[in-house]
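First the structure, then my questions, so here it is.
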Amino acid sequence: MGVLNVTPDSFSDGGRWPDTEAAVAHGLAMAAEGADVIDVGGESTRPGAEPVDPAEEARRVLPVIAALATQVRVSIDTRHASVAEAALAAGATLLNDVSASLAEVAAAAGADVGFVAMHMQGEPATMQEAPRYDDVVGEVRDFLVARAEAALTSGVREVWIDPGIGFGKTDEHNLALLAHLDVLVATGFPVAIGTSRKGFLGRLLAGSDGISVVPVADRLAGSVATATWAMLQGAKMVRAHDVRATVDAAHVVAGEIEEDATCRR
Ligand code: PMM
């Protein structure tokens, strides 16, 4: 899943695709690099982000979705029902819901529309202030299974679960979820996960040289390492900004030799 944030303020790619044309070109470039799904988002959910008016969010994402959806599978990354409805009507076929509360919108949009239930503790504006769990892995699993089962009951046929790395979680919580990803895989629901360029990698990689956080641009190795780990644990979808490197990792994990191995580059 390639990330396409059409926001002025997302933490790693905010403001990079200021107009529809540039955003669509980047989405197609990620598809050419091997992304199966392009995840279009119009509201930053980075820690501390302020909510965006759904009308503004829709204005940002709809033309991009309409242009991409004829050529590649598109997911809509939103927590607003009105945006989700409009995005699915514009051609998106996967609802990536960081609030895990919009399954009925996906169900109403048709049999070919899938749903990703992601776990978040709290709201983006405040979620990193004091995340707290007694048993992060068990609590996240139980929440996701309940939401996924409710989605099936409401009629969605394709239901994913995602632990929501960085969404109301300390670094220790994120690492525990990664270490025990097999617990989510064992639920039987396909697991999606996003570690790409996230803050915990910046802190993990910082070391003792006085740099407190490694900048976003230097988190590629950490992103691919965690994506590889997740795929080896059984995750079936990874959300990534650096698509080519992540797809290469997926091929290595799958042990595939490409039939036309002459020149992908
Ligand atoms: N992370 C972000 C946004 N949407 N959706 C899912 N399913 N999983 C994630 O981990 C996730 C997400 C935040 O990252 P961004 O600001 O780079 O989009």
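Quick note: the coordinates plus some simple rules give every number you see, no bench work behind them. For clarity, every value in this text was computed on a predicted model and none was experimentally measured. Cβ sites come from the backbone with ideal geometry, for glycine too, and all protein chains shown count toward neighbours.
Restricted to the range 141-183, and to residues that are of a type in the set (V, I, T) and touching a residue at least 12 places away in the same chain (Cβ under 8 Å), which residue is surrounded by the most Cβ atoms within 10 Å (Cβ to Cβ)?
Filtering first and then ranking leaves I161.
Keeping to the range 93-114, report how many residues are in a loop (DSSP other than H, G, I, E, B), small (G, A, S) and surrounded by 22 or more Cβ atoms within 10 Å (Cβ to Cβ). Spell out how you get there, then give the answer.
Keep residues of the range 93-114 that are in a loop (DSSP other than H, G, I, E, B), which gives 93, 98-102, 109-113.
Now restrict to residues that are small (G, A, S): 99-101, 109-111.
In the following step, the residues that additionally are surrounded by 22 or more Cβ atoms within 10 Å (Cβ to Cβ) were identified as 100.
Of the residues in the range 93-114, 1 are in a loop (DSSP other than H, G, I, E, B), small (G, A, S) and surrounded by 22 or more Cβ atoms within 10 Å (Cβ to Cβ).
Still on this structure, please answer the following. Across the range 50-68, what is the number of residues that are surrounded by fewer than 20 Cβ atoms within 10 Å (Cβ to Cβ) and either touching a residue at least 60 places away in the same chain (Cβ under 8 Å) or in a loop (DSSP other than H, G, I, E, B) (or both)?
To start, the set of residues in the range 50-68 that are surrounded by fewer than 20 Cβ atoms within 10 Å (Cβ to Cβ) comprises 50-51, 53-56, 59, 63, 66-67.
From what is left, the residues that are either touching a residue at least 60 places away in the same chain (Cβ under 8 Å) or in a loop (DSSP other than H, G, I, E, B) (or both) are 50-51, 53.
Counting residues in the range 50-68 that are surrounded by fewer than 20 Cβ atoms within 10 Å (Cβ to Cβ) and either touching a residue at least 60 places away in the same chain (Cβ under 8 Å) or in a loop (DSSP other than H, G, I, E, B) (or both) gives 3.
Restrict the check to the range 110-131 and report whether at least one residue is more than 14 Å from the ligand (Cβ to nearest atom), closer than 20 Å to R239 by Cα and within 20 Å of the chain's Cα centre (by Cα).
Yes, some residue in the range 110-131 is more than 14 Å from the ligand (Cβ to nearest atom), closer than 20 Å to R239 by Cα and within 20 Å of the chain's Cα centre (by Cα).
Now, a different point. When you look at V136, is it farther than 20 Å from D77 by Cβ and surrounded by 21 or more Cβ atoms within 10 Å (Cβ to Cβ), yes or no?
yes
Conditions first: (1) under 19 Å from K169 (Cα atoms); (2) among the small types (G, A, S); (3) surrounded by fewer than 23 Cβ atoms within 10 Å (Cβ to Cβ). A117 passes all but one, so which condition is the exception?
Of (1) under 19 Å from K169 (Cα atoms); (2) among the small types (G, A, S); (3) surrounded by fewer than 23 Cβ atoms within 10 Å (Cβ to Cβ), only one is false for A117: (3).
Going by the structure shown, is E85 within 16 Å of the ligand (Cβ to nearest atom) and among the acidic types (D, E)?
Criteria not met by E85.
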